[in-house]
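Q: The structure follows.
The values are calculated or read from the model by the stated rules, or taken from the named source; none is laboratory data. Note that the coordinates shown come from a computational prediction; the quantities given were computed from them, not determined experimentally. Cβ coordinates were reconstructed from backbone atoms using ideal geometry, including for glycine residues, and neighbour counts include every protein chain displayed. Calculation scope for accessible area: heavy atoms of the full protein, side chains included, ligands and nucleic acids excluded. Shrake-Rupley method; radii C 1.70, N 1.55, O 1.52, S 1.80 Å.
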Amino acid sequence: MECDQETPVDDFCHAWEGSYLDIPRVELKPYDQFYIQFKIEFTYVMAMEEEEQEEDDKPDYLSGNLQSINFCHQFWERCEKLSCNNLTWDTIHRMLSRLGVPTHKQPFMIQKISGCADEIASKVENRTRKVLPMIVSIGVVVDNTREEHLLAMRESREAELRISPASKEAVEALEKVKVEDCEIGASHCMICMEKLEDGCEATRMPCLHVYHGSCIVNWLGVSNVCPLCRYQLPY
């Protein structure tokens, strides 16, 4: 489904517990599962013609140069009903990659989905349920055409087979810094999107991008690539 957009958009990710009435009737597995319904919207920023740029210097979202495509997809994933990490970062990364979400846009989404999964699994009333429903709504802004994005999706799925976690040695060697000492990227952690408080310890990549220590360690367990600039650590 396509439609024109007239308002500015940003990447977003929202996750919440779904309705148990929406769970399909299927043969249950011997283990507990998440039934995850993804609602995806890709918004494409269409390039303006040169003559249009000369006539009107307004941003794309005011010039009607946005198009979007929406679709839904479902996943069944194992749930261990642990206190944390009920959906591993690697599992969520695999789902998002299959849906066409670029790897460098995934970290904050993975953080939110993982947190929601843990919250649902930890509820007392869910302890005896075999299937836990979750809904995830995602919006991704893509700075090219739909055709270019579809090509990039195919390439991404091929590249997914080659993605490797960073080596243990490379992760352990990352520099620990105090936020007030950081010169680059010290305002917010771009994985969890929370502020890096003055005086707290953070972790700096060789590319100088700074994150909460636990956030970047979790991400590097999935991919050896910096979420912001795609700098690659050894694997």
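Q: In region 184-235, which residues are of a type in the set (Phe, Trp, Tyr) and open to solvent by 20 Å² or more (accessible area, probe 1.4 Å)?
A: Matches in region 184-235: TYR231, TYR235.
Q: When you check ALA166 against the structure, is it at pLDDT 85 or above and out of contact with any strand residue (DSSP E or B) (no Cβ under 8 Å at 6 or more places or on another chain), yes or no?
A: Criteria met by ALA166.
Q: Just to verify a result, which residue in region 72-87, among those that are over 17 Å from the mean Cα position of the chain (by Cα) and of a type in the set (A, V, I, L, M, F, W, C), is nearest to TYR35 (Cα to Cα)?
A: Looking at the filtered set, the residue picked out is TRP76.
Q: Do we have any residue at all in region 106-114 that's within 29 Å of ALA166 (Cβ to Cβ), basic (Lys, Arg), modelled with pLDDT under 95 and open to solvent by less than 70 Å² (accessible area, probe 1.4 Å)?
A: No, region 106-114 contains no residue that is within 29 Å of ALA166 (Cβ to Cβ), basic (Lys, Arg), modelled with pLDDT under 95 and open to solvent by less than 70 Å² (accessible area, probe 1.4 Å).
Q: Report, by residue number, each residue of region 192-215 that is touching a residue at least 40 places away in the same chain (Cβ under 8 Å) and touching a His at 6+ places or on another chain (Cβ under 9 Å).
A: CYS192
Q: For region 177-195, give me each residue that is at pLDDT 80 or above and of a type in the set (Val, Ile, Thr).
A: Answer for region 177-195, where residues must be at pLDDT 80 or above and of a type in the set (Val, Ile, Thr): VAL177, VAL179, ILE191.
Q: Output the residue which, of all residues in region 115-158 that are open to solvent by 30 Å² or more (accessible area, probe 1.4 Å) and among the hydrophobic types (A, V, I, L, M, F, W, C), is modelled with the lowest pLDDT.
A: ALA152
Q: Inspect region 67-87 for any residue being part of a helix (DSSP H, G or I) and modelled with pLDDT under 90 and give the result as yes or no.
A: No; the residues of region 67-87 include none that is part of a helix (DSSP H, G or I) and modelled with pLDDT under 90.
Q: Given the criteria polar (S, T, N, Q), in a loop (DSSP other than H, G, I, E, B), within 26 Å of LYS29 (Cβ to Cβ) and modelled with pLDDT of 75 or more, does THR91 qualify?
A: no
Q: A follow-up question, please. Take GLU27 and decide whether it is closer than 30 Å to GLN111 by Cα, at pLDDT 80 or above, open to solvent by 40 Å² or more (accessible area, probe 1.4 Å) and in the same structural domain as MET109 (by the TED database).
A: no
Q: Looking at ARG78 and the list (1) open to solvent by less than 20 Å² (accessible area, probe 1.4 Å); (2) in contact with a strand residue (DSSP E or B) (Cβ under 8 Å, 6 or more places away or on another chain); (3) not hydrophobic (A, V, I, L, M, F, W, C), which single condition is not satisfied?
A: Of (1) open to solvent by less than 20 Å² (accessible area, probe 1.4 Å); (2) in contact with a strand residue (DSSP E or B) (Cβ under 8 Å, 6 or more places away or on another chain); (3) not hydrophobic (A, V, I, L, M, F, W, C), only one is false for ARG78: (1).
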